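Quick notes on the structure that follows.
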Amino acid sequence: MLSPFAWVISGRALREIDASPDRYSGREKASAARIMGIIGTALLVLGVIALVAILALVVAVAPTGSDNGPTPVHVRVHHRGVSS
């Protein structure tokens, strides 16, 4: 979930390293962090899309409150009066 932040922060670090290469080192590490941030962000987006799709499927398949199966058939039974 922190991949977008890693992407942004490593991008800033790369700009600072490129602006002052004699002052900073570790460009390879910052570049690797940026690539991992990009990959992590892509996976995060795919995960969110999958979660939304699964939730939509569950909502679409779930029965509603008014749909409780087939309508029951009411049968009227006529009783003949029995005299004693």
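Do you know which residues across segment 1-47 are among the polar types (S, T, N, Q) and not in a loop (DSSP other than H, G, I, E, B)?
Ser3, Ser10, Ser31, Thr41
Residues checked against (1) closer than 30 Å to Phe5 by Cα; (2) at pLDDT 95 or above; (3) touching a helix residue (DSSP H, G or I) at 6+ places or on another chain (Cβ under 6 Å):
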residue: Gly40; (1), (2), (3): yes, yes, yes
residue: Leu43; (1), (2), (3): yes, yes, no
residue: Pro63; (1), (2), (3): no, no, no
residue: Val82; (1), (2), (3): no, no, no
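Go over the candidates Val75, Val58 one by one and state the one that is part of a helix (DSSP H, G or I), surrounded by fewer than 10 Cβ atoms within 10 Å (Cβ to Cβ) and either among the aliphatic types (A, V, I, L, M) or modelled with pLDDT of 75 or more (or both).
The unique qualifying residue is Val58.
The values are calculated or read from the model by the stated rules, or taken from the named source; none is laboratory data. The structure displayed is predicted, hence computed values, not measured ones. Heads up, the Cβs are rebuilt from the backbone with ideal geometry, glycines too, and the neighbour counts pull from every protein chain shown.
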